[in-house]
Amino acid sequence: MRRKFLSVVLCVCMMLTMAPFAFATGSDDTSTTNTQEQAPVANSSSGGSGGSTTSVSLPNDNTGDLTISTDNAVLDGSAEGTANLTYTNGKISVTGNNVTIKNLTFGDGASLEVNADTFTLTGCIFNGSTYIRNPVSLNVSNATVTGNTFSATESDGTPAYYNAIEFSLNSGHKLNSATLSNNTFTAAIENNYFSAYYFENNAKITVENNVIQSANKGSSAIRISNSAYATGVEFTLNNNSYEYGNSADSDYEGFILLQDFAAEGADSQNFTSFKINISNLNTPDSAKRLLYVFKDRVGIISYNQPAVTGDSSIEKFAIAKVDNSYSPSLASAVAAATSGQTITLLKDTALTSSISIEKNVTLDLGGKTLSRKGGMLLDIYGNVTIQNGTIAMTDTTRSGADIWVNKTAKLTVEKSATISAPINSFAIAYYQDCTAAEVTLKGTLTGEGSGITVNGNIKDKDSSNQNTSNKLILDGTTINVKGHGIYQAGYATTTFTENASTIAGSTGIEVRAGNLTVTNSTITGNGTFKCAGNGDGTTTDGVGIAIAQHTTKLPINVTISGGTYAVYESNPQTNDADSIAKVKLSITDGNFNGSTAAVYSQDVKDFITGGLFTTDPTAYCGTKDSKKLTGIPSGNSSYPFT
């Protein structure tokens with residue numbers, strides 16, 4: 001038995017000495033499987049700043065697992081002067097730093113995994129026909145992935161890869177910089193093309209000149225997570241293009257997906273400090289969404305958004321922009337804007353909730369319509385200018401206003417803007433907390449509702465007994481509504497500029513507190529005349545200017561020196577004499593007409609000193625140059641009295 005055993009050992013030794021040199025050299029594996037550490041080639045060359053490079057070769061027959069642990073190693077699939085060698089049925093594992101793999105074809109069953117600081121993948125082809133979930137996994141800090149082609153499909157034509165290239169799947173190597181350029185995907189990837197999970201603070205990622213074939217609209221080109229809770233990460237995407245294999249709509253369409261998959265109870269992965277700059281993006285005609293943020297266990301969310309800047313190639317995906325920063329919603333654009341900037345609406349937008357603006361900004365509606373069914377659209381606290389488009393509340397079942405101004409807000413509605421109010425609502429309203437709010441109205445108010453109102457709870461003194469100074473300035477505006485054009489229920493000062501305005505409604509203006517100065521303009525009441533007390537609303541229809549002291553019994557001072565109207569002053573609340581004595585009226589010029597009387601006053605006397613009238617104004621004429629005036633014929637057939 002001992003002799004037989006020694007004979008066997010001797011035979012084995014003889015067999016090992018007869019093994020081919022290429023198999024034995026450089027391998028620590030004494031098994032018969034085709035797995036090796038690395039196969040250095042004799043010639044080496046300078047690696048520049050990284051030191052000399054060492055060429056390595058594939059395993060025998062270009063198949064089986066391979067580990068490359070040497071720094072500055074180069075695996076070149078065309079080193080022997082042939083076209084790209086094809087590597088199959090194995091994984092190349094790279095642990096050496098600054099390794100380059102180039103000009104290699106990854107065929108059936110082939111994949112690559114890198115765990116190192118720096119790595120380069122260039123000129124490679126991925127065309128296997130067997131399914132692999134992740135053909136390229138790069139747990140690296142710095143990567144260059146350029147000029148590669150992905151054309152893998154299974155025999156039935158379905159995608160052979162689930163994800164194409166995944167970066168930093170664990171915290172061992174957080175991604176600090178990466179360049180992905182000139183990669184071409186001629187076959188679809190089932191899920192994501194470039195995915196990254198762990199980033200260093202202020203990481204810089206460049207993605208440019210890539211051509212991507214998406215399997216469908218639910219497949220994203222770029223997937224981003226923030227498992228390391230990094231800040232200041234910047235992505236630069238330039239001159240990329242993509243198409244859909246299947247263009248059926250998907251709830252998860254997006255060229256870019258930002259996914260927060262923080263564990264339940266953990267802090268959310270924050271994307272608000274991430275910056276994504278996109279230029280020259282060539283998109284499918286049917287593409288509808290550029291990016292979205294997805295939170296596990298919640299779904300797609302509208303908050304926690306990155307800052308997206310770019311050019312006109314991405315405008316079709318955005319709702320609004322601030323300069324060249326694009327936003328998926330008007331609310332996020334408002335949040336991103338800083339003082340003095342212009343927010344531009346890019347498409348007709350229906351809000352589902354109101355937007356509060358506390359900044360000094362311009363809202364350029366871009367010729368579009370901003371609408372909401374069911375309530376207020378804008379809640380203004382800052383200094384806001386609205387221009388170039390339409391704001392419209394469409395719900396007719398609730399009262400309210402399209403726009404509320406608050407406290408010391410300033411609102412300017414430019415000539416190019418229109419605000420439309422439904423029945424029972426106002427286009428613009430001063431909230432009861434206003435103390436020094438100011439609205440300058442140049443544009444158009446229209447609709448089945450009313451124009452503008454000052455809340456009846458606004459007094460001439462605030463809660464600290466300080467004077468209030470709310471203002472309404474009409475500068476060439478047009479108000480054409482079914483309800484009241486202006487309902488000044490609370491205390492404010494309304495003035496008209498030299499640019500004539502046109503106001504038409506059931507009553508043009510009703511003043512119940514505060515000051516009104518009119519120097520020109522045409523103000524018309526189209527409603528059927530009526531006047532009745534109302535402690536919670538309007539009192540008078542059918543006149544140009546109605547004056548009716550509210551139950552608050554605040555002072556009223558109306559001065560008219562030009563324009564065309566009918567004037568009607570009354571006391572529908574039957575306020576006491578001392579309160580009514582605070583109502584002042586002065587008419588020095590203008591054209592006055594009305595279906596019943598050009599001018600009527602229940603309480604104020606001696607206030608007319610000039611103007612043209614369709615009815616005799618003698619009962620209200622005052623004194624001029626110490627002489628008591630009376631109405632006299634004017635010689636004007638349209639206005640026979642002066």
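The values are calculated or read from the model by the stated rules, or taken from the named source; none is laboratory data. The structure displayed is predicted, hence computed values, not measured ones. So basically every Cβ, Gly included, is an ideal-geometry build from the backbone, and we count neighbours across all protein chains shown. Just so you know, the surface numbers come from the protein's heavy atoms only, side chains and all, with ligands and any DNA or RNA stripped out. Shrake-Rupley method; radii C 1.70, N 1.55, O 1.52, S 1.80 Å.
Key figures for this structure:
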quantity: Residue, farthest from E200 (Cα to Cα), within the range 241-280, restricted to residues that are aliphatic (A, V, I, L, M) and crowded, with 21+ Cβ neighbours inside 10 Å; calculated: I278
quantity: Residue in the range 201-209 that is among the polar types (S, T, N, Q), at pLDDT below 95 and closer than 19 Å to S151 by Cα present; calculated: no
quantity: Residues satisfying the stated conditions in the range 333-375, i.e. among the small types (G, A, S) and open to solvent by 20 Å² or more (accessible area, probe 1.4 Å); calculated: A335, A336, S339, G340, A350, S353, S354, S356, G366, G367, S371
quantity: Matching entry among A566, A577 (being open to solvent by 50 Å² or more (accessible area, probe 1.4 Å) and either farther than 29 Å from T502 by Cβ or of a type outside the set (D, E) (or both)); calculated: A577
quantity: Of all residues in the range 321-332 being within 24 Å of Y242 (Cβ to Cβ) and part of a strand (DSSP E or B), the one that is most open to solvent (accessible area, probe 1.4 Å); calculated: K321
quantity: The range 530-544, residues that are buried (at least 16 other Cβ atoms within 10 Å of the Cβ) and of a type in the set (A, V, I, L, M, F, W, C); calculated: C531, V543
quantity: Residue among F294, F261 that is out of contact with any His (no Cβ under 6 Å at 6 or more places or on another chain), at pLDDT below 95 and of a type in the set (F, W, Y); calculated: F261
quantity: Candidate set from the range 305-316 (those that are among the polar types (S, T, N, Q) and within 12 Å of the chain's Cα centre (by Cα)); member that is nearest to A331 (Cα to Cα); calculated: Q305
quantity: Pick from the range 450-460, criterion in contact (Cβ under 8 Å) with a residue 60 or more places away in the chain and crowded, with 19+ Cβ neighbours inside 10 Å, ranking: nearest to the chain's Cα centre (by Cα); calculated: V454
quantity: Qualifying residue in the range 239-259 (condition: in contact (Cβ under 8 Å) with a residue 40 or more places away in the chain, within 15 Å of the chain's Cα centre (by Cα) and part of a loop (DSSP other than H, G, I, E, B)); calculated: no
quantity: Filter result (in a loop (DSSP other than H, G, I, E, B) and closer than 24 Å to T54 by Cβ) within the range 102-126; calculated: N103, A116, D117, G123, C124
quantity: Output for the range 421-449, where each listed residue is farther than 17 Å from I473 by Cα, in a strand (DSSP E or B) and either of a type in the set (S, T, Y) or open to solvent by 50 Å² or more (accessible area, probe 1.4 Å) (or both); calculated: S425, T446
quantity: Every residue from the range 44-68 that is at pLDDT 90 or above, part of a helix (DSSP H, G or I) and open to solvent by less than 40 Å² (accessible area, probe 1.4 Å); calculated: none
quantity: Selection from the range 86-101 of residues that are more than 18 Å from T53 (Cβ to Cβ) and not polar (S, T, N, Q); calculated: Y87, G90, K91
quantity: Hits in the range 82-126 - residues which are out of contact with any Ser or Thr (no Cβ under 7 Å at 6 or more places or on another chain), surrounded by fewer than 18 Cβ atoms within 10 Å (Cβ to Cβ) and among the polar types (S, T, N, Q); calculated: T82
quantity: Answer from A421, A429 - the residue that is over 19 Å from A500 (Cα atoms), in contact with a Phe, Trp or Tyr (Cβ under 8 Å, 6 or more places away or on another chain) and small (G, A, S); calculated: A429
quantity: Residue among I587, I547 that alone is within 21 Å of K459 (Cα to Cα) and either open to solvent by 20 Å² or more (accessible area, probe 1.4 Å) or not in a loop (DSSP other than H, G, I, E, B) (or both); calculated: I547
quantity: Test set (1) open to solvent by less than 40 Å² (accessible area, probe 1.4 Å); (2) hydrophobic (A, V, I, L, M, F, W, C); (3) not in a loop (DSSP other than H, G, I, E, B) - W404 fails condition number; calculated: (1)
quantity: Within the range 598-642, tally of residues that are of a type in the set (V, I, T) and within 57 Å of the chain's Cα centre (by Cα); calculated: 5
